[in-house]
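So the structure is just underneath, and the comments pick up after that.
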Amino acid sequence: MIGFILIIFLAGFIFIAYLKKSNDSSNNKSNGTISSNTSNYDNNRTQLNHASNTQKAKEIPSTAKKVNFAVKGTSYRSQADINAARNVRVGDELTLIHEAYNDYDSFAMMVLTSDGHHIGYVEKKYSMCFFAYKDKIYKCIVSKVTNDDVPFIYANAFLPFDARVPDDDLKVQKMTSKEGQYIGNGVTVKITTERSLAHETNPDLELAEKLKYSEPEKAVEIFLSCAANESGLYSLHQACFCYRKMKAYDKEKELIQQIIAVCKDEGKEEYIPEYESRLKSVEYYINKQNEKGELDKAYSLQKEGKYKEALDLYLFYFNKDKFVLNLTDRIIQCYRKLNDKSNETRMLEYALKNKLSESNKLKYEKRLEKLKQEQ
């Protein structure tokens with residue numbers, strides 16, 4: 001009996017030991033799976049981070065050639081663009097875009113802020129090189145900004161390692177260009193500008209370009225004729241230049257509006273802000289031209305003795321814009337002829353206070369003293 005009990009006890013002990021071993025094995029297997037999954041996750045995350053870092057590093061290769069250049073022409077930009085330039089900081093990224101219709105440099109590269117403000121141009125020394133590699137510039141980063149009212153901005157452009165720049169050879173101040181080819185260090189890049197494409201279509205453009213300074217009337221006729229034969233805007237742009245030279249601002253305005261419409265139709269939105277800026281400029285000249293015509297009319301009325309009519313026109317432009325010397329003097333003369341001593345006194349005091357005329361200072365002081373004595 002005792003032996004039977006011992007056998008049952010021993011069997012129970014062995015069964016319990018077996019269950020415990022089975023549970024331990026199951027837990028170890030489970031923990032191993034969790035550990036393995038965690039390890040795989042960490043490895044994947046490490047690979048993702050590495051891939052991300054590698055991608056970032058590839059944005060500017062270690063072999064890239066860094067070219068430091070000055071941003072030129074900021075002081076000639078609009079007030080909004082100058083304000084944007086004041087907000088530029090070291091480390092900011094800039095965008096370089098070719099300005100296809102620049103009057104002075106076929107390879108001109110515009111410098112834009114991240115929000116699209118045109119703050120100037122790449123200095124001409126580098127323009128041909130940057131144009132040749134315009135689609136291969138990795139990045140352009142601001143390197144220095146001065147605290148001037150119109151800041152001087154310097155930037156680093158990162159180009160392919162084999163890009164040839166004037167700094168590579170002190171004897172080379174300009175890029176080598178032959179028959180539309182840019183010759184780099186072992187590389188040759190085809191140079192195609194709006195100008196070169198237009199010349200291929202219109203042989204007469206060479207004559208028009210020679211005439212646009214000396215005989216703009218003849219040049220504009222050729223440019224407008226050529227514009228009908230080309231797909232680009234080069235000839236239209238040159239015609240605008242001629243109209244500006246001729247001071248035919250109304251015609252220039254119409255042509256700029258036409259160019260903006262063409263840019264919208266052909267998907268060249270990047271050029272629209274520049275032409276909109278030109279449009280504002282020509283509208284300013286139109287207003288000044290109209291103003292001059294009205295002031296000339298007022299002066300004619302004054303010489304005819306129609307002082308009241310002349311004065312009304314003078315005062316309209318006085319209230320509209322800042323005073324200028326000849327306008328101030330004409331208003332004073334009209335008040336004197338109309339025997340309006342109080343307003344003449346006011347204008348004389350204004351002229352002396354603002355020092356509008358040092359040459360007329362003594363005359364104004366004597367007249368003002370006489371008026372005060374009479375009052």
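Amide H to amide H, with H built 1.01 Å from N, Asp92 comes under 5 Å of Val142, counting only residues 5 or more places away or on other chains.
Residue by residue, segment 140-154 carries 3J(HN,Hα) couplings of 9, 10, 5, 10, 7, 9, 7, 9, 5, 4, 10, x, 8, 10, 10 Hz when phi is fed to the Karplus relation 6.51 cos²θ - 1.76 cosθ + 1.60 (θ = phi - 60°); x denotes Gly or Pro.
Go through Lys66/Lys144; Lys292/Lys341; Lys306/Lys366; Lys251/Lys280; Lys66/Lys136; Lys306/Lys363 and tell me which ones have a Cα-Cα distance over 19 Å in this structure.
As for pairs spanning more than 19 Å Cα to Cα, those are Lys292/Lys341; Lys306/Lys366; Lys306/Lys363.
With both labels modelled 7 Å from their Cα along Cα-to-Cβ, the Tyr350 to Glu59 distance reads 5.6 nm. Amide H contacts under 5 Å for Lys139: Phe158, restricted to partners 5 or more places along the chain or on a different chain, H placed in the peptide plane at 1.01 Å from N. Amide H contacts for Glu99 (H built 1.01 Å from N in the peptide plane; partners 5 or more residues away or on another chain; cut-off under 5 Å): Ala108, Met109, Met110.
Values quoted throughout were computed directly from the atomic coordinates according to the rules given, and no laboratory measurement underlies them. Being a predicted model, the structure only gives us computed values, none of them experimental. For neighbour counting, all protein chains shown are included, and Cβ atoms are generated from backbone atoms with ideal geometry for every residue, glycine included.
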